[in-house]
Amino acid sequence: MYVPFSELPAAARIWVYQADRPLTAAEVAAVQPALRRFADEWTSHGRSLQASADILHHQFLIVGLDEAAADASGCSIDASVRFVREVEVALSVSLLEKARLAFLVDGQVILLDRRELKAAVAAGRLLAGTPYFDATVARKEALQTSFPVAAEQTWLARYFN
């Protein structure tokens, strides 16, 4: 059952899928009906899930689930990944690739290959306070309070010491 993302509880489970490029406003608008349809039809062992899906910062596909109502099963999580793959095809974008990290620089989301991280810090392109989008956040509350968060407050802190 579709639930507006704003109405999911703070403890809702989320999955973050980072696009390999910014999505246009037209792409975001075009995919919204599919996001709602997926959340509305998503089930676990025949039970309807209270779920939502949204695009943030024109870069991140977020799937949210109120686990207090019903948990996702392995099969339902597999179904969500299949849906993400469908979105990839529809938008000609990669959402499942994890090699790049997302930062907010001058109001824009920039992607940086993990292998370039040390050089970017050494060159001063990334600072300890640079906002970082941690795609491993697992709860809506963390998404609201720490997405993005200063790089020095994450596992990236070791690069700034």
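The values are calculated or read from the model by the stated rules, or taken from the named source; none is laboratory data. What you see is a predicted model; the values in this text were computed from it and never measured. We place every Cβ from the backbone using ideal geometry, glycine too, and count neighbours over all the protein chains shown.
Taking the stretch 17-27 only, how many residues are more than 12 Å from the chain's Cα centre (by Cα) and not in a loop (DSSP other than H, G, I, E, B)? Qualifying residue count for the region: 3. The number of residues in the stretch 68-90 that are within 19 Å of Arg37 (Cβ to Cβ), polar (S, T, N, Q) and modelled with pLDDT under 90 comes to 1. Residue check: is Leu61 modelled with pLDDT of 95 or more, surrounded by fewer than 16 Cβ atoms within 10 Å (Cβ to Cβ), within 19 Å of Lys140 (Cα to Cα) and among the aliphatic types (A, V, I, L, M)? Taking the combined requirement at face value, the residue does not satisfy it.
Looking across the stretch 3-54, the residues that are touching a Ser or Thr at 6+ places or on another chain (Cβ under 6 Å) and over 13 Å from Ala79 (Cα atoms) come down to Val3, Phe5, Leu8, Asp20. Taking residues in the stretch 2-20 that are under 11 Å from Ile62 (Cα atoms) and assigned by TED's automatic domain parsing to the domain that holds Asp40, and partners anywhere that are basic (Lys, Arg) and crowded, with 20+ Cβ neighbours inside 10 Å, the pairs with Cβ atoms closer than 6 Å and at least 6 places apart or on different chains are Ile14/Lys140. Those strands (runs of 3 or more DSSP E) of the stretch 49-161 in which 3 or more residues are within 12 Å of the chain's Cα centre (by Cα) occupy 51-56, 60-65. Going by the structure shown, is Ile14 crowded, with 19+ Cβ neighbours inside 10 Å, in contact with a Gly (Cβ under 7 Å, 6 or more places away or on another chain), part of a strand (DSSP E or B) and at pLDDT 95 or above? When the stated conditions are applied, Ile14 passes them. Against the numbered list (1) touching a residue at least 24 places away in the same chain (Cβ under 8 Å); (2) basic (Lys, Arg); (3) within 26 Å of His45 (Cα to Cα), Lys98 comes up short only at (3). Taken over the stretch 54-88, residues that are in contact with a helix residue (DSSP H, G or I) (Cβ under 8 Å, 6 or more places away or on another chain) and β-branched (Val, Ile, Thr) amount to 4.
For the stretch 101-116, the count of residues that are modelled with pLDDT under 95 and either hydroxyl-bearing (Ser, Thr, Tyr) or more than 22 Å from Arg21 (Cα to Cα) (or both) is zero.
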